[in-house]
1. Taking all pairs of distinct Cα atoms, average 1/r, flip it, and tell me the Kirkwood hydrodynamic radius of segment 90-226 in Å to one decimal place.
2. Which residues' amide hydrogens lie under 5 Å from the amide hydrogen of V83, considering only partners 5 or more residues apart or on another chain, with H built in the peptide plane?
3. If you stretched the chain out fully between H124 and S58, how much longer would it get, using 0.36 nm times the residue separation minus the C-alpha to C-alpha distance?
4. Any chance you could list the semi-axes, whole Å, largest first, of the equivalent ellipsoid that the Cα gyration tensor gives for the chain, using √(5λ)?
5. Against the longest principal axis of the chain, how steep is helix 117-132, in degrees 0 to 90 to the nearest 10, with axes from Cα atoms?
6. Considering only the other residues whose Cβ falls under 13 Å of the Cβ of A93, what net charge follows from Lys and Arg at +1 and Asp and Glu at -1?
Amino acid sequence: MQSSEIWAESGLEQLAPIGRETVQDRVYRQLRVALICGGFDAGEVFLAGDLASRLSVSSMPVREALARLVSERALEAMQNRRVRVPLLTLERAQDIASARALVECDLAQRAMAGLTLADLDTLHDLTAAYEAARDPRDIAQLNHAFHFAIYAKAGSPVLLPIVESLWMQAGPFVRAAARLHSPLSDPSATMHHHGIVQSLRAGDAAKVAQELSADIQRAFTILERAAPEFWQAQAEAA
């Protein structure tokens, strides 16, 4: 399957049936991962009954998972019990990018004291796997694994959930940016990951923040440079 075909595929088609154990949490986790990895388009609408049928579960755990994601601002409630992925706006893109850079740079700098040589080798290996990946879903998952391997070492149970929420909110923007500019043809996709690892090895906190901010900004810069017609289409979708 070509990259463009994979990105065109709706996140709903990527979801698998759910077993009966801990159904509520498992529904939430599947939706959460799909959002983080850019599995849904902005404006995509969910009906609890349709989603429950696709996941082979009852409607109640789906409604609860959707309500939880609405409370986390990853989804938004509409009339008639519908829930949708928030629409794209340039202002929201800039706000999310700014928030991510602020929180994630702080976490990365906090993590520096706890990162071992083995951890740094793992980050190098994740970057190499990212470079070799060709499926955008694999790329998204490896990118997530790289970043959160760092953030987990910060030891902040308060900030980590905030970053996870921001990644869910950023997912549709990253998906849109990937459609405008394929990550497979852009060498800068992993350039900043290498820079982050090198800066962590050198113990250079300022350089870590610089490389991480640049990495976060990549997708949002693509959107900022998008043609006016792109943003007009988003406005009309509202």
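1. Its Kirkwood hydrodynamic radius stands at 15.0 Å.
2. F46, M78
3. Details: separation 66, 0.36 × 66 = 23.76 nm, distance 4.24 nm.
Fully extending the segment from H124 to S58 adds 19.5 nm.
4. After diagonalising the Cα gyration tensor, the semi-axes are 30, 21, 17 Å.
5. Approximately 60 degrees, to the nearest 10.
6. Once positives and negatives cancel, what remains is +2.
The numbers here are math on the coordinates, done by the rules we state, and not lab data. Since the structure is predicted, the reported quantities are computational estimates derived from the model, not experimental observations. Neighbour counts are summed over all protein chains in view; Cβ atoms, including those assigned to glycine, are modelled from backbone coordinates with ideal geometry.
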